[in-house]
1. Can you pull out every residue in the stretch 43-60 that is more than 11 Å from the chain's Cα centre (by Cα) and part of a loop (DSSP other than H, G, I, E, B)?
2. Hey, any hits in the stretch 119-129 for a residue that's touching a residue at least 40 places away in the same chain (Cβ under 8 Å), away from the ligand (no atom under 16 Å from the Cβ) and open to solvent by 60 Å² or more (accessible area, probe 1.4 Å)?
3. For the stretch 7-58, give me each residue that is open to solvent by less than 20 Å² (accessible area, probe 1.4 Å), in contact with a Lys or Arg (Cβ under 9 Å, 6 or more places away or on another chain), hydrophobic (A, V, I, L, M, F, W, C) and more than 16 Å from the ligand (Cβ to nearest atom).
4. If you check every pair at least six apart or on different chains, which have Cβ atoms under 7 Å apart with a residue in the stretch 13-30 that is closer than 23 Å to residue 130 by Cβ and free of Cβ contacts under 8 Å to residues at least 40 places away in the same chain first and a residue that is within 8 Å of the ligand (Cβ to nearest atom) and of a type outside the set (A, V, I, L, M, F, W, C) second?
5. Just to check your reading of the model, which residue among 148, 91, 59 is within 18 Å of residue 12 (Cβ to Cβ) and touching a Leu at 6+ places or on another chain (Cβ under 6 Å)?
6. Test each condition in (1) away from the ligand (no atom under 16 Å from the Cβ); (2) under 29 Å from residue 27 (Cα atoms); (3) of a type in the set (D, E, K, R) for residue 154 and report the one that comes out false.
7. Let me confirm something: among 82, 87, 72, which residue is within 16 Å of the ligand (Cβ to nearest atom), open to solvent by less than 70 Å² (accessible area, probe 1.4 Å) and in a helix (DSSP H, G or I)?
8. Being open to solvent by 70 Å² or more (accessible area, probe 1.4 Å), within 24 Å of residue 95 (Cα to Cα) and assigned to a loop (DSSP other than H, G, I, E, B) is the filter here; which residues of the stretch 130-176 pass it?
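The values are calculated or read from the model by the stated rules, or taken from the named source; none is laboratory data. Keep in mind the model is a prediction, meaning the values are calculated, not measured. Glycine gets a Cβ as well: all are built from the backbone with ideal geometry, and neighbour counts include every protein chain shown. We work out accessible area using only protein heavy atoms, side chains counted, and drop any ligands, DNA or RNA first. Shrake-Rupley method; radii C 1.70, N 1.55, O 1.52, S 1.80 Å.
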Amino acid sequence: MTSKLRVATLSLAGCFGCHMSLLDIDERILDLVELVEFDRTPFTDIKAVGDSDLGIVEGGVANAENLEVLQAFRKHCKILVAMGACAITGGIPSMRNQLGLGECLMESYVNGPGILNPGIPNDPEIPLLLDKVHPIYELVRVDYFLPGCPPSADMLWTFLTELLAGGPIGFPYSQIHFD
Ligand code: SF4
């Protein structure tokens, strides 16, 4: 690829740690903005995704809004990347999958320790929770998976620069071991 890559990023049910890791490329961000232009991303606060070459997703799918946003994002992105454990497996938010949704809500808002005003939130503005948290590949096609919690800044940098160079993407062992 010779022209600038148009990149969009999205955070679903995650902690923004993967996006923070992307910012951890430090001064290389200056090189990055020479190579890419950003579409929707928390970095620009653009809320609607336009047609993009690359879409990077952090977080799993926990509620109806996550699902709707992810499906629209997939439609607009030629290449879709699952960034980090939450997008790839559901991660920490998917720990609630051990319980039924009703049991989970009761434990969180009614029966759990230290709850002063028990009651399950039901404001119509709150997105409806799905019965379980899904990794994104269960719901849309995913082209690349970047493991880690979060993937390191160096790993993200290697991925972006090798994708831009158009070559096969490979990582040194130092960037993909988690022991
Ligand atoms: S993979 Fe880790 S760092 Fe990334 S969103 Fe999930 S919990 Fe946060």
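1. Within the stretch 43-60, 43, 44, 45, 47, 48, 49, 50, 51 meet the criteria.
2. yes
3. Scanning the stretch 7-58 gives 8, 36, 54.
4. Sorted first by the residue in the stretch 13-30, then by its partner, the pairs are 19/11; 19/58.
5. 59
6. Here residue 154 clears every test but (1).
7. 87
8. Listed by number, the residues that qualify are 141, 149.
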